[in-house]
Amino acid sequence: MIKKLKIKNSGIIKLRFFNDFPDGNLVIAESGRNIPFQIKRVYFINHLFNPKAIRGLHAHKKLEQIIFCINGHFEFYLDDGHNKQKILMNDPYTGLRLGPKLWHSMRGFSSDCVILVMANDYFKESDYIRNYKEFLDYVKKDK
């Protein structure tokens, strides 16, 4: 459960859900309501069977995303160039808003982990910063 964020350009997103016991939950995400942008891309990550897997290891110049762990759990590491924070992602109804200029990595995946991501733009390789030193220089020049 995400309690408090100390990282810039981030936030907590709560999804509405309806309990239809015993027939499951209906979870709703809507652009302009609980998703603060127009969704242009949705993707998910699953089959994370390698206990040493590390994903992410990059930042974006402009892209904004919301990341949900809709099954299982993982550790999310965020870095805004000044502050670092580790967050356990294990609540399918709570997502993490990942704004621009945030270095992030994910690890410690449970074998049943499923990560759902909603993004405000289409894939653009030119938006990625894949080198940590370049990220720090990019954040520093932006002051």
(request) Scan around ASP121 for amide H atoms under 5 Å from its own, H built in the peptide plane at 1.01 Å from N, and keep only partners 5 or more places away or cross-chain. (result) LYS40, ARG41, GLU64
(message) Can you give me the long-range amide H partners of ASN71? Hydrogens built in the peptide plane at 1.01 Å from N, cutoff under 5 Å, separation of 5 or more residues or another chain.
(response) VAL114
(message) Output wanted: per-residue J couplings in Hz (rounded whole) for region 77-89, from phi through Karplus 6.51 cos²θ - 1.76 cosθ + 1.60, θ = phi - 60°, x for Gly and Pro.
(response) 10, 10, 8, 9, x, 10, 10, 10, 8, 10, 10, 7, 9
(message) At 0.36 nm per residue, and after removing the present C-alpha to C-alpha distance, how many nm does the segment from ILE54 to VAL42 gain when stretched out fully?
(response) 2.3 nm
(request) May I ask you to give the solvent-accessible area per residue for region 62-143, in square angstrom, as obtained with a 1.4 angstrom probe? (result) 48 Å²
(message) For LYS61, give me every one of the aspartates and glutamates with a C-alpha distance below 19 angstrom, ignoring sequence neighbours fewer than eight places off in its own chain.
(response) ASP79, ASP80, ASP121, GLU125, ASP127, GLU134, ASP137, ASP142
(message) Using only Cα atoms and rounding to the nearest 10 degrees, what angle (0 to 90) does helix 132-141 make with the longest principal axis of the chain?
(response) 70 degrees
(request) Take the Cβ-Cβ distance between VAL27 and GLU134 as r, set R0 to 30 Å, and report the resulting FRET efficiency rounded to the nearest 0.05. (result) 0.25
(request) Using only the C-alpha atoms of region 29-84, find the volume of their convex hull and express it per residue in Å³. (result) 129 Å³
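Using a Förster radius of 25 Å, what is the FRET efficiency between TYR93 and LYS141 based on their Cβ-Cβ separation? Nearest 0.05, please. Working shown, then result.
Details: r = 38 Å, r/R0 = 1.51.
Computed FRET efficiency for TYR93 and LYS141 comes out at 0.10.
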(message) Taking the square root of 5 times each eigenvalue of the Cα gyration tensor, what semi-axes in Å does the equivalent ellipsoid of the chain have, largest first?
(response) 26, 18, 14
(request) For region 34-39, just list the computed ³J(HN,Hα) in residue order, Karplus coefficients 6.51, -1.76 and 1.60, θ = phi - 60°, integers in Hz, with x standing in for Gly and Pro. (result) 8, 9, x, 8, 6, 7
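Based on the mean of other Cβ atoms within 10 Å per residue, sort peptides 101-107, 112-118 so the most packed one is first.
On the way: 101-107: 20.0, 112-118: 18.3.
Going from most to least packed, we get 101-107, 112-118.
Percent of alpha carbon pairs in region 68-143 separated by more than 17 Å?
When all Cα pairs of region 68-143 are counted, 52 percent exceed 17 Å.
The values are calculated or read from the model by the stated rules, or taken from the named source; none is laboratory data. Here the structure is a predicted model, which means the values were calculated and not measured. Backbone-built Cβ (ideal geometry, glycine too); neighbour counts: all protein chains shown. In case anyone asks, the SASA skips ligands and DNA or RNA and just uses the protein heavy atoms, side chains included. Shrake-Rupley method; radii C 1.70, N 1.55, O 1.52, S 1.80 Å.
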